[in-house]
Amino acid sequence: MKTSFYPSNNFTGRAAIIKEADQICRSINVKLPHSSPYLAWNKYHQPIEHYEAFLPLWKNLDDIRSATEKTDTAYDYYDVLIQKIQNLKCANCDDLCDIVYLKCKNKNYENVRFVQLGGVNDQTGKKVKYDHIAIEFTHNGKQVLIDPLFGIADFVPNCFLKYKGILKSLISGFEEKLDLTLFKSDEVKIHSDDLKDLTNKYRELIG
């Protein structure tokens, strides 16, 4: 089941880098079929009692993260992650972003990093961080965002406009006037030699 439910824009008139980023986003859904327990539950605003039905999937995802964290090298981390996602056919934003991260590094994008979506209330100054991860990189001085879970790829300001509608549908009491921003998130940096070896092993996925 593909979880991407935000329609991608037509390629016509879009910047070349955004077309490329969008293609990365699309390829994740095509080459790595997955489901997300978070979106499956929230997309249709199911009753709270249905939440428990998704707990086993969340546990499996937690087990994936635990297994990867115990590996010795960055190569092992990504190798274990990819194998388990492929077998389980279930992933959330951080898992999918790991794959996007590798693809972006292969393309030698500048300043590739994991970011966490959040916002600042312009009246109170209060910072809010949402449990959602995406990948950001720099192109000609502009920030580009790839969000494989929601299926969007665009310059950051454009993504923020799309996020407003998405978050409103997923988060009860979402503050529409919140000024969205991005916070740097943790990442598992990989050496170029390890990336080359991983790419040779999973060329169709991350090449």
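Every number here is computed from the coordinates shown, using simple stated rules; none is lab data. None of these values were measured; they are calculated from a predicted model. Here Cβ is always computed from backbone atoms with ideal geometry, including for glycine, and neighbour counts include all displayed protein chains.
Structure notes:
- Applying 0.36 nm per residue to the separation of VAL30 and ARG113 and subtracting their alpha-carbon distance, the gain on full extension is 27.6 nm.
- Anchor LYS196: lysines whose Cα lies under 29 Å away (excluding residues fewer than 8 positions away in-chain): LYS2, LYS19, LYS31, LYS70, LYS84, LYS89, LYS103, LYS105, LYS107, LYS142, LYS184
- Between ASN87 and LYS127, full extension at 0.36 nm per residue minus the direct alpha carbon distance yields a gain of 10.7 nm.
- Residues in region 160-204 reached by a label modelled at GLN143 [backbone nitrogen below 20 Å; 7 Å Cα→Cβ]: 160-168, 175-188
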